[in-house]
Structures are given as structure tokens and as C-alpha cells.
Amino acid sequence: MTQKRQRSLLNRGDEACKILKEHLDKGDIIRVISHNDADGLSAAGMIGKAISTRNGQFHISIVSRLTDNFIKKLSNEKYQVFFFCDMGSANLPALSHLHGNVIIADHHQPIDSTTDTNIIHVNPHLFGFDGSRELSASGAAYLIIRGLEKSLASFALVGAFGDMQYFNEFIGMNRFIMEEGIKNGSVQTHEDLRIASRYDEPLYKALAYTFNPTLPGITANIEGSKEFLEKIGVSYAIRFQDLGAEEKDTLKSELIKINPEIFGEVFTDKRLPLTIRYLSDFAKLLDACGKNKEYGLAIGICLGEEEKSLEKALNLQRKYREGIIKGLEWIKREKPKKMEHIQYIYTEEKALKGVMGTIAGISFSLGLSDPSLPILALSRMDNQVKVSARATPKIIERGVDLGKALRDASSNFGGTGGGHDIAAGAMIPYRELENFLRLVDNIIGSQKKES
Ligand code: C5P
Ligand code: C5P
Ligand code: C5P
């Protein structure tokens, strides 16, 4: 059964690749539109890289979401083929009006599955796979690109890491891609400490920046991290890679005592420079570029323009991480407000807006929010409120679907929303905020009852 679904999805990817090849053979420029997070950036970078190796041409735009206005702008463009990544599944009717072929590599919940003849829709949900765990948008793009260029599986896994699809193992189509990557040499795996930035930050910072898995007392706690290293007698001011073998062993055994998940399978692409060789590090760097709106920088890194770009991106990442830590300290002070079935945090502060979704997601494992309730992170943007909602696998098991809840609740108040069961977002009018929260609370309550 799974094999049959897998074959159908692979066939759909091949179909899309055939169209892509026909356009490349004709010398058409491939118009790529992708999302501004790690998954979207990795997808766009992968496509650019594949097209470059065939001496083809592409034009990439990175956007935060697909608005009607942007689609209208695209409908005036004369490209023969449009390739949408990490978006598009919710916009099929509008995209059917574009001139030329439309390829969609998305993993968000589609609103309907009927497609016009000019659209090829590659989305795991259409084939019974879960788009929040089993395939990212980079993964969907890879299923198309693998017919052109086999060596880019690592980019698909970078996207999966960026979208937090790795929970101690890759499952579903992510696993298929991982195995294909290992077979053809673009992915390697080994057992190692799962710490962040082993090649570019002093150890105490690297440990404090290790958000996933979390290290209580150390994650997001620079002083706590230093004290821990001093206590176990490991040099804290040098990089992990510069530690001696004995120090590495001590560190490993002490960290395992804090959280056994800190040691396990890790994934690398040995063709990449050291700072992005661990695919989870690559995802974090792209995320930092995305959050800083440095899209060209991110794509450049994917295309292999390394030295200067990497240095610049690492500096952005440092600032971004300081922002995440400040945001977590803020949640600790403010505490999420609880309703019956949800909890929320709200800000009007500019500095916090860029990290609200991220800190909401991390808050569960750091014990800063109630792990039994979905959390909504609300940022006021003039007359509107940007909503980022996050849940845990346990909450989802009880029947909660945040994507559906936010889509239905926001459309009730003239807003827009959607996403995945475990992570979703919306934009709503500020004046409806209280009504919106009440409705989401109700919807989540009834989702739990129905399951
Ligand atoms: O745009 P989109 O699909 O790419 O983003 C998914 C979001 O969901 C990311 O911000 C990712 O970190 C978040 N997520 C999460 N926990 C999960 C799965 C995804 O916070 N288990
Ligand atoms: O949820 P969102 O995509 O905004 O998360 C962005 C980034 O935050 C992830 O790519 C990851 O680097 C970091 N993160 C993490 N552990 C979590 C949640 C987020 O490392 N639990
Ligand atoms: O913005 P944020 O990272 O919280 O988005 C979480 C998920 O919800 C992403 O997958 C994003 O694409 C989706 N989303 C959506 N519609 C919106 C806002 C976010 O589908 N209006």
C-alpha cells in the first residue's frame, strides 16, 4: 500500500520533471517562486543548482506568502513555466490563470485537489503522506529535480530539518530521500553529538544555541552553559572541533546524562564547507538568512558562492540567536495567557516580532509553556495581527489540526490562514483579535472531542 502511494507520488514528480526538461531544452527561463524560510530557500537553491548544472537559466523570487496581488503580477509575466515551492497548493484556481505551465512542489494542506491542465501538483497530502512529517517542500522539489540531477538529496533533508520534520528519525518520503541520498553519495550519516555550530562558535555558545534537542539549564542560557563546562572541566572558549579526544568523551557522557537524545544519528553532505556540512546547521543558517530577509545571500550559499557569503550569514545568525534568547527570556517573564483549549503570547514590540513563531515552538520543550495546549504567538502589525501557532506531537494525537483551525477561524473574520496540523499561521484584523481567539479556542475544543 505504502509502496503504491510512493510510486504514484514519484510518478507525479517525474511528470513534472518531464515538463521542466522540455522547457529547459527549449531554452526557456524557469520562473521559480519560493518561500522565505529554510525549507523554501533550500528548495529554490536546489532548483537553481540543478538548472545551472545543465546551463539553463532561472529567475527566483522569494516571498513570505502568495498574495493575490503577487499572482496578478505574475500573470503579466511572459515566462513559459512557473515553479512554485512551499506554496501554491492553496491557490490552484488563481494559478490556473497564469500563462504557461505551472509546477507546484508544496507540502501544505491543499484546499482541493482538482487541477487545471496547466498545473502539475506535487504534494504529499494528495498521495496519503503527511506533509508536516513525511515530506517538506524541498523534498517535493527534490522528487521533481531528481530526474534532472541526482546529487541534491542533501538539500531535501535540509528543508526537512528547517521545518522540524526530524524527530529522532526520518519517516515516509523523507526516509526514501535519505536512503537515495546515502546510496548516491550526497548524504552521509554517523553517530555524533547533536549540537549546533560545532565549527563556528565557542563551545559554550554552541551548547546554549542547541535548541533541538533541548539541554535544560544550558539551552538558551549562555551563563548556565559556561558554568556547566567549567564544572565538568572542559574548555569552554574553543570550538567543539578543537577539543581533545578526552574532553570530547567527557562532554559526551555528561551531556547524555542531561538528555540522552543529544547523541545519535546525524546527517552530513561532505561536499559542503564545514560550517554547513551538518545538514541541521545548514538549515539553521538558511533560516537566519530568511528571517533577516537576506534571500540572495541564502540562495548564493546554496549555489556554492561560499567564502564571503558564509561569513556574512554566520554574523546574521549570531544576531538572530541573540534575538531568540531574548524572546525566550521574555516568555519566561510574561508567561503565556491560558484559555480553555489554547494559550497565547502577544506583542507589539518590533524586536520580538521576528522570533515569535520560533520561540513559541521552542517554549514547550524548555518548559516555558504548557505542553498540553497549542500556543498562538500574536504580533500586532498596524491594523492586523500576525498569528503563528505551534503544537506538539502529543497534542496532534488528540485530534488537533492547527492548519484547519486557523484557516476556518481567520476566514470567519476576513483574514487568511492555514498550514499544517502541528504548525500554522494566519493574518487577521486587529479589531477581531478577541473574537478570533475565542473561536480558535472553540474549534480546538471540538477537534479534540471529535477525535
Ligand atoms: O511554511 P511552513 O510549512 O514551511 O513552516 C512550517 C513551520 O512549522 C516551521 O516554522 C517549522 O519550524 C514549524 N514546525 C514546528 N514543529 C513541528 C513541525 C514544524 O514548529 N513539529
Ligand atoms: O518554527 P520555526 O521554523 O520558526 O523555527 C525556526 C528555527 O528555529 C529552526 O530551523 C531551528 O533552527 C530553530 N528551532 C529549534 N528547535 C525548535 C524550534 C525551532 O532549533 N524546537
Ligand atoms: O508564519 P509561521 O511560521 O507561523 O507559519 C507556520 C505555517 O503556517 C507555515 O507552514 C506557513 O506557510 C503557514 N501559514 C499559512 N497561511 C498564513 C500564515 C502561515 O498557511 N496566512
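The values are calculated or read from the model by the stated rules, or taken from the named source; none is laboratory data. Remember, predicted model here, so these are calculated numbers, not experimental data. Heads up, the Cβs are rebuilt from the backbone with ideal geometry, glycines too, and the neighbour counts pull from every protein chain shown.
The table for this structure:
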{"quantity": "Selected residue (only one of ASP112, ASP68 is within 28 Å of GLN6 (Cβ to Cβ), of a type outside the set (A, V, I, L, M, F, W, C) and surrounded by fewer than 19 Cβ atoms within 10 Å (Cβ to Cβ))", "calculated": "ASP112"}
{"quantity": "Yes/no for LYS284 being within 16 Å of ligand 3 (Cβ to nearest atom) and out of contact with any Ser or Thr (no Cβ under 7 Å at 6 or more places or on another chain)", "calculated": "yes"}
{"quantity": "Residues (within 16 Å of ligand 2 (Cβ to nearest atom) and in contact with a strand residue (DSSP E or B) (Cβ under 7 Å, 6 or more places away or on another chain)) located in the range 396-416", "calculated": "LEU402, GLY403, LEU406"}
{"quantity": "Every residue from the range 225-272 that is closer than 16 Å to THR210 by Cβ, crowded, with 17+ Cβ neighbours inside 10 Å and more than 29 Å from the chain's Cα centre (by Cα)", "calculated": "LYS226, PHE228, LEU229, VAL234, TYR236, LEU243, LEU251"}
{"quantity": "Exclusive hit being over 20 Å from LEU66 (Cα atoms) and in a helix (DSSP H, G or I), set ASP408, ASP370, ASP441", "calculated": "ASP441"}
{"quantity": "Criterion: in contact with a helix residue (DSSP H, G or I) (Cβ under 9 Å, 6 or more places away or on another chain) and over 30 Å from ASN174 (Cα atoms) - qualifying residue of LEU255, LEU251, LEU297", "calculated": "LEU251"}
{"quantity": "Failed item in (1) over 21 Å from SER138 (Cα atoms); (2) more than 16 Å from ligand 3 (Cβ to nearest atom), with ILE71 passing the rest", "calculated": "(2)"}
{"quantity": "Residue within the range 45-58 that is without any contact (Cβ under 8 Å) to a residue 60 or more places away in the chain, of a type in the set (S, T, N, Q) and assigned to a helix (DSSP H, G or I) present", "calculated": "no"}
{"quantity": "Residues (of a type in the set (Ser, Thr, Tyr) and more than 16 Å from ligand 2 (Cβ to nearest atom)) located in the range 22-61", "calculated": "SER52, THR53, SER61"}
{"quantity": "Close pairs (8 angstrom Cβ cut-off, 6 or more residues apart or separate chains): away from ligand 1 (no atom under 16 Å from the Cβ) in the range 380-393, among the acidic types (Asp, Glu) anywhere", "calculated": "ARG380/GLU348"}
{"quantity": "Test: ARG198 is part of a loop (DSSP other than H, G, I, E, B), basic (Lys, Arg) and away from ligand 3 (no atom under 16 Å from the Cβ)", "calculated": "yes"}
{"quantity": "Residue list for the range 194-220, filter: more than 21 Å from GLU311 (Cβ to Cβ), more than 22 Å from the chain's Cα centre (by Cα) and either at pLDDT below 95 or surrounded by fewer than 20 Cβ atoms within 10 Å (Cβ to Cβ) (or both)", "calculated": "PRO216, GLY217"}
{"quantity": "Some residue of the range 329-341 being of a type in the set (Phe, Trp, Tyr) and either in contact with a Cys (Cβ under 9 Å, 6 or more places away or on another chain) or more than 16 Å from ligand 3 (Cβ to nearest atom) (or both)", "calculated": "yes"}
{"quantity": "Residue in the range 386-405 that is nearest to ligand 3 (Cβ to nearest atom), counting only those that are part of a helix (DSSP H, G or I) and touching a Ser or Thr at 6+ places or on another chain (Cβ under 9 Å)", "calculated": "GLY403"}
{"quantity": "Identity of the residue in the range 354-367, of a type in the set (A, V, I, L, M) and part of a loop (DSSP other than H, G, I, E, B), that ends up nearest to ASN168 (Cα to Cα)", "calculated": "LEU366"}
